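The values are calculated or read from the model by the stated rules, or taken from the named source; none is laboratory data. Computed from a predicted model, the values in this text were never measured in an experiment. Cβ coordinates were reconstructed from backbone atoms using ideal geometry, including for glycine residues, and neighbour counts include every protein chain displayed. Note: accessible area is taken over every heavy atom of the protein model, side chains too, but ligands, DNA and RNA are not part of it. Shrake-Rupley method; radii C 1.70, N 1.55, O 1.52, S 1.80 Å.
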Amino acid sequence: AASIAFASFAVLAVVRANQSLAAARAEVAQLAAERERLRIARDLHDLLGHSLTTITVKAALAARLADRDLTRARNEIADVEALARRTLADVRAAVAGYRDVRLATEIATAREVLAAAGIEADLPRVVDDVPAELAGLFGWVVREGVTNVVRHSQAKRVRITVDQRVIEVVDDGVGVLSAVADAALAASGSGGGGGHGLLGLAERVAAAGGRLITGPADGFGAPGFRLRVEVPALALTSGEAS
Amino acid sequence: AASIAFASFAVLAVVRANQSLAAARAEVAQLAAERERLRIARDLHDLLGHSLTTITVKAALAARLADRDLTRARNEIADVEALARRTLADVRAAVAGYRDVRLATEIATAREVLAAAGIEADLPRVVDDVPAELAGLFGWVVREGVTNVVRHSQAKRVRITVDQRVIEVVDDGVGVLSAVADAALAASGSGGGGGHGLLGLAERVAAAGGRLITGPADGFGAPGFRLRVEVPALALTSGEAS
Amino acid sequence: MTHRTIRVLMADDQHLVRGALATLLALESDIEVVAEVGRGDDVVEAARRTAADVAVLDIEMPGLDGLAAAAALRREVPDCRVLIVTTFGRAGYLRRAMEAGVSGFLVKDAPVERLVDAVRRVAAGQRVVDPELAAATLAAGANPLTAR
Ligand SMILES: Nc1ncnc2c1ncn2[C@@H]1O[C@H](COP(=O)(O)OP(=O)(O)OP(=O)(O)O)[C@@H](O)[C@H]1O
Ligand SMILES: Nc1ncnc2c1ncn2[C@@H]1O[C@H](COP(=O)(O)OP(=O)(O)OP(=O)(O)O)[C@@H](O)[C@H]1O
Ligand SMILES: [Mg+2]
Ligand SMILES: [Mg+2]
Ligand SMILES: [Mg+2]
């Protein structure tokens, strides 16, 4: 009888656990969505509040100045144009950040973009052997690497290779030729001239305990550009790549 | 033996259910967050992509026209200013919408806003006795009520009182004096002259099975304005207030 | 032949943008805007009627989207080349654009010089891919509506 009573108790516990599972699901989902909304609201506020206010004020100023000082009015309106364009770029980047980055999807998008840009692409078909914890990080490498190839390289060919711990994006373009571009790369650490792409990527890679290496493509096509990210097995900690 | 075996099986099931509870939590949270991000990203695209593009293109046009046709240039600048203003308002509204409205946060915000406006405020310190299902709705009442006080009332003092089913925002300002404002309130149901604030609030309240009452403040300071929302206990259905 | 003006058709449902872009293009001495439409399904008829050399098409339009309009143009008015301008780079758009045989695509907020240059190059039979649009596409990722 004891074991029967125990059995009934256990069955009841199963039922309870299932009920609480459903309740927990709803609650967890709501909390997660709310946290996400708050985060994005903060982002938006910081990202857009300031620049849209500046645009508005400068447009108002240009309107006032049009009758009195055409040169200054023209400068203000040129500022408005540049600001609005940059704000739109910021919005695009922010929206991109809200999307989950997965290696397979990034490769699919890269295939399409490279084809459209007329750049011959040699891309991995299967990326199943990349551990799940690295799929996000490697996805970012593909996205930033390919964006740079399209924007900066003038390459004819690009090749991406992936294995369990290493990913490489190599092109046969102009490479980082000029002192200017070199300086940009070097300075990006100090927030100087260059972009944020590789800097941001380097931070993500470092957070995952890996390293990012850039240099000429050697051999693939001269001089070219090589972007390589390595994450040693030991470095794998939980919850790195976003 | 049979019942013992069954008991073991049931115990195992409890363990399994608990494990799956933890796993489900993580998965559900991630999915919910991602769904929310995608939804907001789409909103952002639509909201900002178009208006920022228009601002950019029109500013470019104004710059080009400045030398040739000053009148048209001036018109373009005026358009840019109006657009930028509207976009900023849209962003503010979006950000506000993404913030979850909770009574406690809304009261904290109201305290700040009223202090900044130089209006003496008597606000509840503790709102723990408001049932969770009403916290969102009552938060909206505080937000809209206080916004209206600041915008329309010219009040010197405002008092908010809350109990389990009733919330009131009372001020000692001008009240709805003029025929114009009365008409606005009345017409808001048909989308006429007045704002949308009270109308929208009335809809939320109705959805929760409650009612919204407006009128003079009687006694608190003449004539004043009183905004009162009552939700009878029976009316409480799940998932009303957003 | 080389000094003939380029006849441009503008299609965009956002009339503020369309008007501004049309005026900007018309300020160039070698460009003439011969038609403006606000719906995708008006594009073919307008291109035929005006003998446009280049159709500048928005993607998201009522009636017919810009990519479908581009495909129809290639079939029915093959002399008219297509330049796609869009606010949003979405994966799927680029692929469809190429399948539709468009000559160029760029972001709508590109600097005027870039737009004017793209119109001239497309008119001359060249292909123009704006790196910024490619970058925007990579950023935006697969369009959930057309994925798979
Ligand atoms: N594949 C490449 N070929 C040639 N140069 C490159 C390549 N990738 C990067 N570079 C050079 O390195 C610089 C820094 O790249 P990074 O991605 O950090 O910034 P960006 O692309 O200029 O701007 P952002 O990524 O912030 O939009 C680039 O400006 C470019 O000069
Ligand atoms: N506390 C108050 N004191 C005086 N008049 C008020 C007060 N609250 C509301 N009103 C009057 O009622 C009208 C309708 O209010 P409602 O909140 O619906 O619209 P609104 O505040 O004008 O616009 P919106 O809320 O859409 O921004 C107001 O325009 C105002 O004339
Ligand atoms: Mg970059
Ligand atoms: Mg109001
Ligand atoms: Mg459109």
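Table for the structure above
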quantity: Residue match in segment B:95-103 (condition: at pLDDT 85 or above and among the aromatic types (Phe, Trp, Tyr)); calculated: no
quantity: Residue within segment A:143-154 that is within 14 Å of chain C (Cβ to nearest Cβ), farther than 17 Å from residue C:136 by Cβ and either out of contact with any Leu (no Cβ under 8 Å at 6 or more places or on another chain) or without any contact (Cβ under 8 Å) to a residue 24 or more places away in the chain (or both) present; calculated: yes
quantity: Residue identified as of a type outside the set (Lys, Arg) and touching an Asp or Glu at 6+ places or on another chain (Cβ under 6 Å) among C:116, C:102; calculated: C:116
quantity: Residue in segment A:60-74 that is open to solvent by less than 60 Å² (accessible area, probe 1.4 Å), of a type in the set (Asp, Glu), within 30 Å of residue B:92 (Cα to Cα) and more than 9 Å from chain C (Cβ to nearest Cβ) present; calculated: no
quantity: Filtered residues of segment A:37-59 (kept if surrounded by fewer than 18 Cβ atoms within 10 Å (Cβ to Cβ), within 22 Å of residue B:33 (Cα to Cα) and at the interface with chain B (Cβ under 7 Å from one of its Cβ atoms)); calculated: A:38, A:45
quantity: Test set (1) more than 19 Å from residue B:50 (Cα to Cα); (2) surrounded by 22 or more Cβ atoms within 10 Å (Cβ to Cβ) - residue A:108 fails condition number; calculated: (2)
quantity: Qualifying residue in segment C:63-83 (condition: touching a residue at least 40 places away in the same chain (Cβ under 8 Å) and facing another protein chain (nearest Cβ under 10 Å)); calculated: no
quantity: Some residue of segment A:119-128 being aliphatic (A, V, I, L, M) and within 12 Å of another protein chain (Cβ to nearest Cβ); calculated: yes
quantity: Options C:28, C:45, C:36; residue that is in contact with a strand residue (DSSP E or B) (Cβ under 7 Å, 6 or more places away or on another chain) and of a type in the set (Asp, Glu); calculated: C:36
quantity: Some residue of segment A:105-114 being touching a Gly at 6+ places or on another chain (Cβ under 8 Å), among the basic types (Lys, Arg) and either more than 12 Å from every other protein chain (Cβ to nearest Cβ) or away from ligand 5 (no atom under 16 Å from the Cβ) (or both); calculated: no
quantity: Any hit, segment C:13-33, residues being crowded, with 19+ Cβ neighbours inside 10 Å and either within 16 Å of ligand 4 (Cβ to nearest atom) or more than 14 Å from every other protein chain (Cβ to nearest Cβ) (or both); calculated: no
quantity: Any hit, segment A:126-135, residues being open to solvent by 20 Å² or more (accessible area, probe 1.4 Å) and either polar (S, T, N, Q) or within 16 Å of ligand 4 (Cβ to nearest atom) (or both); calculated: no
